[in-house]
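Participant: Starting off with a structure, shown below.
The values are calculated or read from the model by the stated rules, or taken from the named source; none is laboratory data. In this text, all values refer to a predicted model and were calculated from it rather than measured experimentally. Glycine also receives a Cβ, built like all others from the backbone with ideal geometry; neighbour counts cover every protein chain displayed.
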Amino acid sequence: MIEQLPLQEDRAKENKSENWRKALFALLFLALSFICILCSSESALRFFVERGYIPDTMRSSQRADYSQGPRISLAPLNPQIAADALKDELDLLASPQAELAGGIIVAALPQPTLQPQPTIALPTPPPTPTPTVLPTASDNSTPAVPLPTSQPTSLPTAGVTSSPQPTSPLPTPIPTSQPPPSPLPTSPPTSSPPTSPPPTTSPKPTSTPDDGDDGGNGDSPTVVNDTATVREDESIAINVLANDSDADGTIVPGTVSQASGPANGSVSIDPNTGAITYIPNANYNGNDSFVYRVCDNDGNCSSGTVTITVTPVYDPPIAIDDPFPALDEDTTTNVNVLANDINVDGSPLNVTSVTTPLNLGTVSINPNNTVAYTPALNFAGLDVFTYTLSDGTTTDSAVVTVTVRSVNDPPVAVDDTITMVEGGSQFIGVRDNDSDPDTPIGSLTVISVSDPPNGTASIELPGVRYTPNANFSGDDTFTYTISDGFLSDTATVTVTVLPVNDPPDIRADVITTTQDTPITIPVLANDTDPEGPVDPNSVNVVTPPSLGSATAISGGQIVYTPNPGVSGTDTFVYQACDTNNPTPACGTATVTVIIIDTPPSAPINLSAAPGDSQVSLGWNANPEADVIGYDIYRDSALITSTTLTGYLDEGLSNGTTYSYFIRARDGGGNLSPNSNTVTARPYTIVLTPTNVVCIDPVTNCDNAEGIPDGNIAEIGPNSNGSITFDFGQNSGIINGQGYDFVLYEKENPPGVGIQLDFMTIAVSVDGSTWYTVFNWDGNPGGVSGTNVDGYANDANGEVDDEQIP
């Protein structure tokens, strides 16, 4: 801040003549300025200024700097002043009024008109103006103070040449305290005078280094170095101005500032008192220093050094929380928990104690002061514990956080023991006491079981079913294996089978009897009891039969009596018990009785008639109503069965004798005794032309005799199914031989006639020959033929006595 000096009228009058004298010297100053500029010499200018021949307003031809404090420093002219004349700048101009002697007025002036030649016009001094003091500006700025209303004659700006030839520039003054940057870039010097008036800016005071010199009027403050002592980690307020002084002014406390340092602490300044508070760095002890700067009311500044002795104090150790390195579950790791702890005094630290982890792991202190941590079995997740350290004087504690990574643990199968009674099966939940640290029990699976020596074991999810052998009692064992899908474990199951009184093993019986025949059944013959014999006196019928009666008798037997005339299958249930006291065990079984009815009687009157490659059998029907058929035996071998009373046995060898018998069969499958046995020998009938039978009137058939004219038989069913022919002496028929006969209707061509199906020739009792026709099934039948037209006296199906061609 630029401070306006007080003006006193008496002093102004005394110096009035002096001011005029100084104005005369101003002309000389201008001349010398040209010389100084050309010679780059500052000594001549300083000579006139220091002796008061040049007013303070002419001490700087540069633009004013807005620097803090009342001082304006004199410096060599800047070689760019000529270029600055073309800009809007602030210049310091001289005023000839005596009232301004010893004072400075800074104001923004209109741009002066530059004359070709530097001249100075001294106007008549105006009345003494009353200056206006502007308020203090902010840092590095100085408010402008208006000049008196009277305007002096414009003077050429120092540093600007008045001739076309360029001048040698002066070196740029070096600012000593916080010089402001140039507001605009400068232009190089020009050899021709500017064509436009120079610009003006707000003036800035020149920065002044703190070199101990008087920067303003009077002497700089006398600063005495200070010393102070403070305890480690404490602060101290130092009244650095207490021993400082100023011979011709007053030290301004608000000007105290930090010039340098300290190296091992920090300072803060009270702007009102100028006291400096020093705070050493944390835990620092030793010497430290800093330099402060102070100014008086004239702007004169000095610096002093403050030396601080920081005395040591005891620092307790500080334990800092530790993030434990991650580890897998069921493993142990060691960590140096002291590595990040603080021990300012450097005394040895020891881990003195640890707490139990939150999740029940274990922690121990190793001899080297590291800590060993083991998580609880199968634990995974976050765990914490605290440890305490000591330096021998004090202790501190910190928290250790541990991350335990999960790994797949195998299931743990635990042996099982169960008790059961014999005679049944038992489901065993073998998983119920098993475990898996990271798998729910419900997710474990029984994957295999072994075979117990005295029973069977099978997987019945979610467990195992055990069945002891029948009547086994005692201990039995087997193993099972469970799996979590990746890992497995095996355990043993011990089963104690308690004995019980087993019922006797009562087994079923099957017996056969004939119709109307009682039978005694030894039902206990196939029954047993594992603990002893079956009591024979305990046998009794619990469910009676339906086709007869059953009665228990002594010796453990039952008598079964079928109802009269019945046959078939009947059943009843009996019970038998053991001899166990007080409560016997009993069992039951079923007796099946097969009642066979009376077999039928033997068939009678079996006969056999031989034929060509065949034998015709016939017999009388059995009188029993339950006979359902007959079995036919040839040469003692069963050849067929039939429900008829006759049978034609074909495909036989002619000339061979065969024997036959038959047996009747009833609905119960019973067979009668054998019938009578018959024999027969099939034969071949041979017909020759001489053996042709002529059925014709005597007059037309030489070989037939005495055959009357007319029908001798009708072809059709007769009462006995037979046709009888009488042959004469000359018929050529030999008794006892077989013949094939073909009957033709008269006038029909050969081959069209009536073929007899079956023909048997035999000798009648009276010597006559008769023929019987049988159907294919052996029963008597008729004669089959074709319907052909014959003579008018022939009807279809008849045989006439006409001659056969």
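Participant: I'd like to check something: does the stretch 508-524 contain any residue that is under 30 Å from G667 (Cβ atoms), crowded, with 17+ Cβ neighbours inside 10 Å and small (G, A, S)?
Facilitator: No, the stretch 508-524 has no match at all.
Participant: Give me the pairs, please: first residue somewhere in the stretch 469-485 and within 30 Å of N501 (Cα to Cα), second residue anywhere and modelled with pLDDT of 95 or more and acidic (D, E), beta-carbon distance under 9 Å, and either six or more positions apart or on two chains.
Facilitator: That search, which allows pairs on different chains as well, returns N469/D476; F478/D451.
Participant: Next question, about the same structure. Do we find that V430 is among the aliphatic types (A, V, I, L, M), assigned to a loop (DSSP other than H, G, I, E, B) and surrounded by 16 or more Cβ atoms within 10 Å (Cβ to Cβ) in this structure?
Facilitator: yes
Participant: Any residue in the stretch 492-507 that is under 16 Å from G556 (Cβ atoms) and either without any contact (Cβ under 8 Å) to a residue 24 or more places away in the chain or surrounded by fewer than 15 Cβ atoms within 10 Å (Cβ to Cβ) (or both)?
Facilitator: There is at least one residue in the stretch 492-507 that is under 16 Å from G556 (Cβ atoms) and either without any contact (Cβ under 8 Å) to a residue 24 or more places away in the chain or surrounded by fewer than 15 Cβ atoms within 10 Å (Cβ to Cβ) (or both).
Participant: Within the stretch 496-516, track down each residue that is among the acidic types (D, E) and not in a loop (DSSP other than H, G, I, E, B). Spell out the reasoning first.
Facilitator: As a first pass, look at the stretch 496-516 and keep what is among the acidic types (D, E): 502, 505, 509, 516.
If the condition is that a residue be among the acidic types (D, E) and not in a loop (DSSP other than H, G, I, E, B), then D505, D509 are the ones that fit.
Participant: Within the stretch 289-342, track down each residue that is in contact with a strand residue (DSSP E or B) (Cβ under 7 Å, 6 or more places away or on another chain), under 14 Å from V402 (Cβ atoms) and among the charged types (D, E, K, R).
Facilitator: Of the residues in the stretch 289-342, the ones in contact with a strand residue (DSSP E or B) (Cβ under 7 Å, 6 or more places away or on another chain) are 289-297, 301-311, 313, 316-329, 332-335, 337-338, 340-342.
Remaining after also requiring under 14 Å from V402 (Cβ atoms): 321-329, 332-335, 337.
Result: D321, D322, D328, E329.
Participant: Output the number of the condition that D631 fails; it satisfies all remaining conditions of (1) modelled with pLDDT of 95 or more; (2) surrounded by fewer than 17 Cβ atoms within 10 Å (Cβ to Cβ); (3) in contact with a Lys or Arg (Cβ under 7 Å, 6 or more places away or on another chain).
Facilitator: (2)
Participant: Please specify each residue of the stretch 467-495 satisfying the condition of being of a type outside the set (A, V, I, L, M, F, W, C), under 18 Å from A413 (Cα atoms) and assigned to a strand (DSSP E or B).
Facilitator: Within the stretch 467-495, T477, T479, Y480, T481, S483, S488, D489, T490, T492, T494 meet the criteria.
Participant: May I ask you to say which residue of A576, A550, A589, A602 is among the aliphatic types (A, V, I, L, M) and either surrounded by fewer than 16 Cβ atoms within 10 Å (Cβ to Cβ) or in a loop (DSSP other than H, G, I, E, B) (or both)?
Facilitator: A602 is the lone residue from the list that is among the aliphatic types (A, V, I, L, M) and either surrounded by fewer than 16 Cβ atoms within 10 Å (Cβ to Cβ) or in a loop (DSSP other than H, G, I, E, B) (or both).
Yes/no matrix, rows are residues, columns are (1) closer than 12 Å to Y574 by Cβ; (2) of a type outside the set (A, V, I, L, M); (3) surrounded by fewer than 17 Cβ atoms within 10 Å (Cβ to Cβ); (4) not assigned by TED's automatic domain parsing to the domain that holds E422:
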| position | (1), (2), (3), (4) |
| --- | --- |
| T528 | no, yes, yes, yes |
| D535 | no, yes, no, yes |
| S538 | yes, yes, no, yes |
| S554 | no, yes, yes, yes |
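Participant: Considering only the stretch 258-283, state which residues are farther than 14 Å from I236 by Cβ, part of a strand (DSSP E or B) and among the hydroxyl-bearing types (S, T, Y).
Facilitator: Within the stretch 258-283, just S260 meets the criteria.
A quick yes/no check of all residues on (1) closer than 30 Å to G429 by Cα; (2) assigned to a loop (DSSP other than H, G, I, E, B):
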{"residue": "V344", "(1), (2)": "no, yes"}
{"residue": "L358", "(1), (2)": "no, yes"}
{"residue": "V363", "(1), (2)": "no, no"}
{"residue": "Y373", "(1), (2)": "no, no"}
{"residue": "N378", "(1), (2)": "yes, yes"}
{"residue": "F385", "(1), (2)": "no, no"}
{"residue": "D396", "(1), (2)": "no, no"}
{"residue": "T403", "(1), (2)": "no, no"}
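Participant: Exactly one of (1) of a type in the set (G, A, S); (2) in a strand (DSSP E or B); (3) in contact (Cβ under 8 Å) with a residue 60 or more places away in the chain is unmet by S448. Its number?
Facilitator: Status for S448: all satisfied but (3).
Participant: Any residue in the stretch 404-427 that is touching a residue at least 12 places away in the same chain (Cβ under 8 Å) and within 28 Å of N378 (Cβ to Cβ) sitting within a Cβ distance under 8 Å of a residue that is of a type in the set (D, E, K, R) and loosely packed, with under 13 Cβ neighbours inside 10 Å? List the pairs, counting only those 6 or more apart or interchain.
Facilitator: Every condition considered, the pairs that remain are V404/D328; R405/D328; V407/D328.
Participant: Could you look through the stretch 274-311, keep only residues that are more than 22 Å from G249 (Cβ to Cβ) and touching a Lys or Arg at 6+ places or on another chain (Cβ under 8 Å), and pick out the one that is surrounded by the fewest Cβ atoms within 10 Å (Cβ to Cβ)?
Facilitator: T311
Participant: Another question, if that's okay. Looking at the stretch 542-571 only, could you name the residues that are of a type in the set (V, I, T) and in contact with a Ser or Thr (Cβ under 7 Å, 6 or more places away or on another chain)?
Facilitator: V542, I558, V559, T561, T569, T571 - these are the residues of the stretch 542-571 that are of a type in the set (V, I, T) and in contact with a Ser or Thr (Cβ under 7 Å, 6 or more places away or on another chain).
Participant: Here is a further query. Take the residues in the stretch 347-356 that are buried (at least 18 other Cβ atoms within 10 Å of the Cβ) and assigned to a strand (DSSP E or B), then tell me which one is nearest to the chain's Cα centre (by Cα). Before you say what the answer is, go through the steps one by one.
Facilitator: Of all residues in the stretch 347-356, those buried (at least 18 other Cβ atoms within 10 Å of the Cβ) come to 349, 351, 354.
From what is left, the residues that are assigned to a strand (DSSP E or B) are 351, 354.
Details: V351: 44, V354: 39 Å.
That would be V354.
Participant: In this structure, is L444 of a type in the set (A, V, I, L, M), surrounded by fewer than 16 Cβ atoms within 10 Å (Cβ to Cβ) and more than 30 Å from A339 (Cα to Cα)?
Facilitator: On the way: of a type in the set (A, V, I, L, M): yes; surrounded by fewer than 16 Cβ atoms within 10 Å (Cβ to Cβ): no; more than 30 Å from A339 (Cα to Cα): yes.
When the stated conditions are applied, L444 does not pass them.
Participant: Still on this structure: Checking the conditions here, which among T417, T386, T395, T370 is over 30 Å from V495 (Cα atoms), of a type outside the set (F, W, Y), within 37 Å of the chain's Cα centre (by Cα) and modelled with pLDDT of 95 or more? Full working, then the answer.
Facilitator: Numbers: T417 fails: over 30 Å from V495 (Cα atoms); T395 fails: within 37 Å of the chain's Cα centre (by Cα); T370 fails: within 37 Å of the chain's Cα centre (by Cα).
Among T417, T386, T395, T370, only T386 is over 30 Å from V495 (Cα atoms), of a type outside the set (F, W, Y), within 37 Å of the chain's Cα centre (by Cα) and modelled with pLDDT of 95 or more.
Participant: Okay, next question. When the stretch 359-387 is examined, which residues are found to be among the β-branched types (V, I, T) and surrounded by fewer than 16 Cβ atoms within 10 Å (Cβ to Cβ)? Don't jump to the end; show me each part of the working.
Facilitator: Of the stretch 359-387, the ones among the β-branched types (V, I, T) are 362-363, 365, 370-371, 374, 384, 386.
Within the stretch 359-387, T362, V384 meet the criteria.
Participant: Where the second residue is of a type in the set (A, V, I, L, M, F, W, C) and part of a loop (DSSP other than H, G, I, E, B) and the first is at pLDDT 90 or above and lies in the stretch 307-327, which pairs have Cβ atoms under 6 Å and are six or more apart or on separate chains?
Facilitator: P317/L349; D322/V337
Participant: Pick from the stretch 276-306 the residues that are among the hydrophobic types (A, V, I, L, M, F, W, C) and farther than 25 Å from S220 by Cβ: which of them is modelled with the lowest pLDDT?
Facilitator: Among residues in the stretch 276-306 that are among the hydrophobic types (A, V, I, L, M, F, W, C) and farther than 25 Å from S220 by Cβ, the one modelled with the lowest pLDDT is A282.
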